[in-house]
Amino acid sequence: MVEAVRSKLDALGYAPADWQLPVTEEFVAAFERDYGVRLPAEYRNFLLEFGGWVGGAACEFLEQPTPLGDRAVVDLFYGSMVPEYEVYDIRWATDSVGEAPAFVAVASGGMNGCMVVVKCGGPDDGHVYFFDRDQRSLWTDDEFYHMFPGLHPLIVQYLDRRRAGQLPSKPTGYESLYLLGRGFNDFIDRLTPTCDGDT
């Protein structure tokens, strides 16, 4: 499985970042102890091999429509980083999610501090979500049109369905989370090259 993931990441243009440090069993065990979590096995294995790889890919949301369009951008997998690049360290990133230890940050999600997270424990243990730090699901229609005058048709569709009360309900705490995979390997399998306009 490791070689299949490596081939997939290579094909997408990912490579180890110059500022990464080795992710060891000791590092992962200390992270789990310090955060009081058990990392899902698929992600734990990935972190040990590919934590700190940087590149660019997209992943379609499994549940649509969303206030973000139809896909997320994934540009760096968090790992163990030198102090000068601590914002790309899994510990710093997980602290910034604000929901630790339920969710662990696994990758940077493009602009505005958005990120990809994995759920640790519960019925959706191992599921991978995109965390919208801007919390656009809480924006009014006017805020969307003010921020994005040329609003994408997919966002217009989202707003139309929201006004009509046709959006599926979300559990408490998941209002700004959007499903990318029902397991970490599923998420990796679903990564595709980025397209023009992806951010």
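Bear in mind that the values in this text are calculations on the coordinates, not laboratory data. Keep in mind the model is a prediction, meaning the values are calculated, not measured. We place every Cβ from the backbone using ideal geometry, glycine too, and count neighbours over all the protein chains shown.
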Neighbourhood net charge (12 Å Cβ-Cβ; Lys/Arg +1, Asp/Glu -1) for Trp53
-2
What's the magnitude of the charge dipole for the chain around its Cα centre, counting Lys and Arg as +1 and Asp and Glu as -1 at the beta-carbon? Answer in Debye, nearest 20.
480
What distance in nm separates the simple spin-label points at Leu21 and Asp142, each placed 7 Å from Cα in the Cβ direction?
4.9
Answer label for mean projected area of the Cα convex hull in nm² (calculated), chosen among [x] 10.7; [y] 11.3; [z] 21.1
[y]
Name the most mobile residue of Gly122, Gly79, Gly110, meaning the one with the largest mean-square fluctuation, in a Gaussian network model of the chain with Cα contacts below 10 Å.
Gly122
Once the dipole of the chain is set up with Lys and Arg at +1 and Asp and Glu at -1 on Cβ about the Cα centre, which of Asn112, Phe50, Tyr145 lies farthest towards its positive end?
Tyr145
What list do you get for Asp89, Asp134 if you sort them by fewest beta carbons within 10 Å?
Asp134, Asp89
Put +1 on the Cβ of each Lys and Arg and -1 on the Cβ of each Asp and Glu in the stretch 61-173; which of Pro123, Ser169, Pro83 then has its Cα farthest toward the positive end of the dipole?
Ser169
At a threshold of 8 angstrom on Cα-Cα distance, excluding pairs fewer than six apart, so keeping six or more, what relative contact order does the stretch 80-194 reach in percent?
21
Check: the stretch 74-120 dipole with +1 on Lys, Arg Cβ and -1 on Asp, Glu Cβ, in debye
180
Among residues other than Phe144 whose Cβ falls under 14 Å from its Cβ, what is the net charge (Lys/Arg +1, Asp/Glu -1)?
-2
Pick out which of Val106, Val156, Val116 has the largest mean-square fluctuation in a Gaussian network model of the chain, springs linking Cα atoms closer than 10 Å.
Val156
For the chain, what is the relative contact order in percent, using Cα pairs closer than 8 Å and at least 6 residues apart in sequence?
24
In a shell of Cβ-Cβ distance under 15 Å around Val82, excluding Val82 itself, what net charge do Lys and Arg (+1) and Asp and Glu (-1) give?
-3
Rank by packing, highest mean first: peptides 181-187, 19-25, with packing defined as the count of other Cβ atoms within 10 Å averaged across residues.
181-187, 19-25
Residue-averaged 222 nm ellipticity for the chain, from DSSP H runs of 4+ at -39500 (n - 2.57), nearest 500:
-9000 deg cm²/dmol
If we count other beta carbons within 10 Å of each Cβ, what is the order of Trp139, Trp53, fewest first?
Trp139, Trp53
Stretch Glu175-Lys8 to full length: gain in nm at 0.36 nm per residue minus the Cα-Cα span?
57.0 nm
